[in-house]
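Written out below as structure tokens is the structure these notes cover.
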Amino acid sequence: MEQSIKNQSIKADTDSRLLIGPNESVSPFQAALLGIQHVLAMDVYVVPFIIASIIGLSAQETSILIQSTFLAAGIATIIQSHFCMKLPVGQGPSFIPIGAIAGIYFANGSGIEGWASVLGASLIGALLVVLLSFTGIFTKIIRHFVPAIVGGTIIFIVGLSLMPVALNNNIFIGEGSSLNQNILLAVFSAFILVASVMIASVFPNKGRYIKITSVILALFGGSLLANFMGILDLSAVKQASWFSLMPIPFKDFHFSFNLSTTVTMLIIYLVLMAETTGTWFAVSQVCDTPLSDEQLNLGVLGEGLGCVVSSLLGSTPVTGYSTNAGIISITGVASRKVLTAAGFWFILFGFSGKLSALISAIPTAVIGGVFVVVCGIIATSGLQVMKNVAIGEREMYIIALPMIMTLALTFIPQDYVGSLPQTIQYLFSSPVATASLLAITLNKLLPN
């Protein structure tokens, strides 16, 4: 393994920070080991858990929805990273549609009928995204409206928007432990992550083992400390079954279609595409691989096909996760085969309640400690994109105002957002999409 990594890491001595590039090969063992890091860091179970809590699913239905989401994420990841965009992009459930899903569910009778309306609207929206990929319109929009200053700003706000989530939701308000315990777990996990990466600088050869597995080491070390502190709860893992044949949230699920729910979900998909574009830019930057027109169109196709699969499996829309960009930057491994392996891990977890419960058992503060470092790396990647751009007064506003918008929408009271028109609510549910649109607009309107 050492010799393989040594041969594949010639780029590390040049301008590239990668040990293994997107199209370079890794052994199946390496791919499996590195792929599990992406799975552990992506928090895929959070979205279905939130949705299940809002619509009142039972514990068994919640567990099944989480498994279904894992399965959809795995298939979508393989579609995007191996067949379509051919970049190391991991797919997972999006946070953006949560409010719309709950609204559609309750407005259509709840239960099986409510979920049928959610799935029907999601399926139609996904099919239209697939059709969009064949028009080439999306590529033209990106090329015309997203130069380096805007692209760098979008990547920066992607990282910036995730930091409050890592700090507030995972560390400061983490459940099952005190604030002091959460901070200790987060700092300890972050320390292991950073120390693992730094060791590679001191020991260039042997240190690569530690560098490429740094995320696993950080999560394992943090969980081990949590166990010593008595706050690692594995009871759900013991109760979960090893295998379930076909994870579907509602046994008799079907699709129901009506105009109002379809229009609602189409708006969601527009916001979703705006946000996932930021993820693609972030992954492209850390992989030292400029996005071609063909890749952009195939990325849209992969996004649409992934959402089609998710709907057919009874789950919610999936999208690209920017977490992967941060992990790639930290470990230096950008091989698409690693993300393909991550997809197979997701599928395995989708059929095993015990394995999915094991991931869910990792303390949120431990994940938060790793996640906040990843967010910082993503934001820094955005600054690197802009390093060759002359930053004058005009460019300062293009960067600063979207940054302010991102923070404003992150901390805005949800009661106020709920009082706004529905379309505005959907837009404000994604600080990245709204701030990205602002950056694009400013770049076109502000005079040189």
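The values are calculated or read from the model by the stated rules, or taken from the named source; none is laboratory data. As the structure is a prediction and not an experimental result, all values here were calculated from the model. Cβ sites come from the backbone with ideal geometry, for glycine too, and all protein chains shown count toward neighbours. When the accessible area is computed, the model is the full protein with side chains, heavy atoms only, and any ligands, DNA or RNA have been set aside. Shrake-Rupley method; radii C 1.70, N 1.55, O 1.52, S 1.80 Å.
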- Of Ala240, Val308, Ser256, which is farthest on the positive side of the dipole of region 233-318, counting Cα position, with +1 on Lys and Arg Cβ, -1 on Asp and Glu Cβ, and the Cα centre as origin? Ala240
- Qualifying trypsin sites (Lys or Arg not before Pro) for region 355-448 [loop in DSSP, other Cβ within 10 Å: at most 16]: Lys387
- Between region 431-448 and region 84-155, what is the C-alpha centre distance in whole Å? 21
- Message: At a threshold of 8 angstrom on Cα-Cα distance, excluding pairs fewer than six apart, so keeping six or more, what relative contact order does the chain reach in percent?
- Response: 35
- What's the lysine pair count for the chain at a Cα cut-off below 15 Å, pairs eight or more apart or interchain? 4
- Task: Can you grab the distance from the C-alpha centre of region 215-246 to the C-alpha centre of region 250-296, Å, no decimals?
- Result: 31
- Note on the structure: If every Lys and Arg gets +1 and every Asp and Glu gets -1 at its Cβ, then about the Cα centre the chain yields a dipole, in debye to the nearest 20, of 720
- Carbon and sulfur %, accessible surface of region 342-448 computed with the full protein complex present, 1.4 Å: 70
- Note on the structure: Averaged over all viewing directions, the convex hull of the alpha carbons in region 230-314 casts a projected area in nm² of 10.3
- For the chain, dividing by residue count, accessible area per residue (probe 1.4 Å) in Å² works out to 41
- Could you give the dipole magnitude of region 336-448 about its Cα centre, charging the beta-carbon of Lys and Arg +1 and that of Asp and Glu -1, in debye to the nearest 20? 440
- Charge dipole of the chain built from unit charges on the beta carbon (Lys, Arg +1; Asp, Glu -1), centred at mean Cα; most positive-end Cα among Met396, Gln414, Ile424 is Met396
- Using only the Cα atoms of region 108-242, build the gyration tensor, take square roots of its eigenvalues as a ≥ b ≥ c, and label the shape rounded, prolate or oblate: rounded if a/c is under 1.5, else prolate if a/b is larger than b/c, else oblate. oblate
- Task: Pop a pseudo-label 7 angstrom from the Cα along the beta-carbon direction at both Thr441 and Val202 and give the gap in nm to one decimal.
- Result: 5.0
- Cα shape, region 322-426, gyration tensor, a/c 1.5 rule: oblate
- Note on the structure: If unit charges are put on Cβ atoms (+1 for Lys and Arg, -1 for Asp and Glu) and the dipole of region 62-211 is taken about its Cα centre, the option from Ala126, Ile154, Ile101 lying farthest towards the positive end turns out to be Ile154
- Query: So how much accessible area does Met405 have, in Å² to the nearest 10, using a 1.4 Å probe?
  - Reply: 60
- Query: Mind checking Rg over Rh on region 380-448, alpha carbons, Kirkwood formula for Rh?
  - Reply: 1.05
- Mind checking which helices in the chain clear 15 Å along their axis (Cα) and have mean Kyte-Doolittle hydropathy of -0.5 or more, DSSP H runs only? 28-41, 59-78, 111-133, 148-164, 179-202, 214-228, 259-286, 293-312, 336-350, 364-385, 393-411, 431-445
- If you wrap a convex hull around the C-alpha atoms of region 116-158 and split its volume per residue, what is the figure in Å³? 81
